[in-house]
Amino acid sequence: MELSDGLPLYYEDHGTGRPVVLLHGWTMNSGFWAGNVPALSADHRVIAPDFRGHGKSGKTPEGHSIPQYARDVRELLKALDAEDATLVGWSMGTAVILSYVRQFGCDGLRSAVFVDQSPRFLDGPDWDFALMGGYSATDLAVFAQTVRHARPLAIKPFIEACFAKLPPAENVDAAYAETTQTPTEAALDVWMDMAHADFRGVLPEVRVPTLLIYGEQSKIFPGDLAGHLADALPDAQVERFAESGHVPFVEEQGRFDTVVTDFLRR
């Protein structure tokens, strides 16, 4: 489809029924959900977009912020007549859900699923769930400079850290190749925007049932972040994945599909 600013937004649309929208992580794309779509689309309409600048969507130098991505999702829902939707956000996708709620409330939403994401990346004296367990302004600057000047040296270790067990090198290379569809400046723009965001104040506004899927071996967000979020959200259900890191929908795919399907039927 073409967004109101003329940018082509790629999406996949499978199955029929109440809509479920799968929102991918930073520099990833809709293809990372491919293993989950068959099970989830058995009883639901599954829509999986590529965020602007990602995957097969249009590449522009502007608009790479979490609030803009959320506005794009709202426009997609309206264009596809996909109201009463469940938004499933993995990593950055959860940040997009929280920005959606900050801007539009829960209008058009039936429920939400958060997959291993924190509402705040940077550390601070009142915060125990920063990225990597502790992410300073210096860490952010070093990461950004590495992405800009030696991108594989930043992204490949990040991909490895997403898994509980070190994946084969060829799998890391394949995932990295997919991330290169996002131009470096676009990737950095949205990363910096997400890294400086603080969505903790939005959590009480998520007044729809919310499923929290968190990997107990996550190196990206270690600690009991799921428990903290469950206390802050009005209606939350926690499912901890003992064998997973940051990508439980891949590492424990069968259980992920079952847990999400049961939640959707609730």
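The values are calculated or read from the model by the stated rules, or taken from the named source; none is laboratory data. These figures come from a predicted structure and were not determined experimentally. Here Cβ is always computed from backbone atoms with ideal geometry, including for glycine, and neighbour counts include all displayed protein chains. Remember, those area values only see protein heavy atoms, side chains included, never the ligands or the DNA or RNA. Shrake-Rupley method; radii C 1.70, N 1.55, O 1.52, S 1.80 Å.
State all residues of the range 34-53 that are open to solvent by less than 10 Å² (accessible area, probe 1.4 Å) and out of contact with any helix residue (DSSP H, G or I) (no Cβ under 7 Å at 6 or more places or on another chain); if no residue qualifies, say none.
Correct list: ILE47 only.
Please find, within the range 195-251, the residue that is surrounded by the fewest Cβ atoms within 10 Å (Cβ to Cβ) out of those that are part of a strand (DSSP E or B) and touching a residue at least 60 places away in the same chain (Cβ under 8 Å).
By that ranking, first place goes to ASP198.
Could we say that THR182 is part of a helix (DSSP H, G or I) and polar (S, T, N, Q) here? Lay out the reasoning, then the answer.
Numbers: part of a helix (DSSP H, G or I): no; polar (S, T, N, Q): yes.
No.
Can you name the condition, by its number, that VAL172 falls short on among (1) open to solvent by less than 30 Å² (accessible area, probe 1.4 Å); (2) within 16 Å of PHE158 (Cα to Cα); (3) part of a loop (DSSP other than H, G, I, E, B)?
Here VAL172 meets the rest and fails (3).
Assess whether PHE129 counts as being on the phi < 0 side of the Ramachandran plot, in contact with a strand residue (DSSP E or B) (Cβ under 8 Å, 6 or more places away or on another chain) and either assigned to a loop (DSSP other than H, G, I, E, B) or modelled with pLDDT under 95 (or both).
yes
Condition first: closer than 19 Å to ALA95 by Cα and surrounded by 17 or more Cβ atoms within 10 Å (Cβ to Cβ). Now tell me which residues in the range 68-80 satisfy that.
Answer for the range 68-80, where residues must be closer than 19 Å to ALA95 by Cα and surrounded by 17 or more Cβ atoms within 10 Å (Cβ to Cβ): GLN68, TYR69, ALA70, ARG71, ASP72, VAL73, LEU76, LEU77.
Please determine, by comparing only the residues of the range 142-157 that are without any contact (Cβ under 8 Å) to a residue 60 or more places away in the chain, open to solvent by less than 50 Å² (accessible area, probe 1.4 Å) and not in a loop (DSSP other than H, G, I, E, B), which one is nearest to MET192 (Cα to Cα).
The first filter runs over the range 142-157 and keeps only residues without any contact (Cβ under 8 Å) to a residue 60 or more places away in the chain, leaving 142-154, 156-157.
This time we only want the ones that are open to solvent by less than 50 Å² (accessible area, probe 1.4 Å), so: 143-144, 146-147, 150-151, 154.
From what's left, not in a loop (DSSP other than H, G, I, E, B): 143-144, 146-147, 151, 154.
Values: PHE143: 10, ALA144: 8, THR146: 13, VAL147: 12, ARG151: 15, ALA154: 15 Å.
Among those that are without any contact (Cβ under 8 Å) to a residue 60 or more places away in the chain, open to solvent by less than 50 Å² (accessible area, probe 1.4 Å) and not in a loop (DSSP other than H, G, I, E, B), it is ALA144.
Out of everything in the range 81-106 that is among the aromatic types (Phe, Trp, Tyr) and more than 17 Å from SER218 (Cβ to Cβ), what residue ends up being least open to solvent (accessible area, probe 1.4 Å)?
Going residue by residue through the range 81-106, those that are among the aromatic types (Phe, Trp, Tyr) are 90, 100, 104.
This time we only want the ones that are more than 17 Å from SER218 (Cβ to Cβ), so: 100, 104.
Numbers: TYR100: 4, PHE104: 62 Å².
Per the stated criteria, the residue is TYR100.
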